[in-house]
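Taking it in order: structure first as structure tokens, then the write-up.
The values are calculated or read from the model by the stated rules, or taken from the named source; none is laboratory data. This structure is a prediction, so every number in the text was calculated from the model and none was measured. In this analysis, Cβ positions are derived from the backbone assuming ideal geometry, glycine residues included, and neighbour counts consider all displayed protein chains.
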Amino acid sequence: MAGTFSLSLRYPHPSQAHYNARPFLLVPGEADLDIVVNEALKAYIDPLTPEEHESLERSLLAEGCRDALVLWGNVLVDGHNRYGICQKHGLPFQTVQNPRFQSIEDVHLWMIDQHLGRRSVSDFQRGVLALRKREILAQRSAIQASTTPAPTTEQEDETAAVNESTAPAATPAERPPSREALAREAKLSGNQVALIEKIQKQAAPEVVAAVRSGIISINAAAAVSSLPEEEQREAALAGSKELKEMAKRVRDSKRKPREAAANEPITPSPETGVDDGVDELNRLRKEVAELQEENAALRKELDELRKSERVS
């Protein structure tokens, strides 16, 4: 959602509002506009960790606020942490307006695209953002489909054609992306997106908090989320070790019957027929492929843990 931006310079104190503002293009009346912090927009993206916030504060104090804050009217869209730090220390900052923002959905989609492009965003958060994008686009597509005019008579068609020739063309809604397209955009695998979607739907809040903070992996959280919520909560309260052990027990309990079934020959009964036997074989092959992808992800996590241990 790139567009033309208008730039203005702001200071946290009114007495500084126009000081040294000439190098920047000021929009009339913009410099004195009060910035509104919408708490829902502020919480739309996961907050920085205390360490990340301290690092940003040191950077702003040393180099100033180099990146402009993005506004929608007077509502702050991007730069909540920088805005808070600038207010705290009286640092000047710039703001920009994006005229492409026509609705809160436009703002959400822009925020999602911005954060998907940042390397510091975790894999879990990337998946959450990608799924949010799919939901927004699906809702837009459904609304557009519901407003499509019904078939009319030939005379009504001619009248409509005359009216449409003088009316601006409607912008088509963006089609919801497939899971594979979402995964590519978020730099994840299709299986990871599926696991993150499962976590969002089934995991207890304590398990979601654990995977958000990096205490357990996406694979482990998805495994634990298949258990009753009370068991999930008890494991989460017991600590990361118990969560990881429970995830291993769940995976082991599912892996053994799957592997045994995959090794058994398919002998369709007369009632099922050949087609049902082929479908069962394809299902088992798909499950084996998912297990192989899960094992590859686990090996990758193990390698990362070993590397971090060597560094420490």
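Run Arg119 past the list (1) outside any helix (DSSP H, G or I); (2) in contact with a strand residue (DSSP E or B) (Cβ under 6 Å, 6 or more places away or on another chain) and report the number of the one that doesn't hold.
(2)
Out of Leu56, Leu69, which single residue is in contact with a Phe, Trp or Tyr (Cβ under 8 Å, 6 or more places away or on another chain) and over 30 Å from Asn219 (Cβ atoms)?
Among Leu56, Leu69, only Leu69 is in contact with a Phe, Trp or Tyr (Cβ under 8 Å, 6 or more places away or on another chain) and over 30 Å from Asn219 (Cβ atoms).
For residues in segment 88-132 being hydroxyl-bearing (Ser, Thr, Tyr) and out of contact with any Leu (no Cβ under 8 Å at 6 or more places or on another chain), which is surrounded by the most Cβ atoms within 10 Å (Cβ to Cβ)?
Filtering first and then ranking leaves Ser122.
If we scan segment 259-266, do we find a residue that is among the polar types (S, T, N, Q) and at pLDDT below 75?
Yes, because at least one residue in segment 259-266 is among the polar types (S, T, N, Q) and at pLDDT below 75.
I need a count of the residues in segment 227-247 that are surrounded by 14 or more Cβ atoms within 10 Å (Cβ to Cβ) and either in contact (Cβ under 8 Å) with a residue 40 or more places away in the chain or small (Gly, Ala, Ser) (or both).
So the count comes out to 4.
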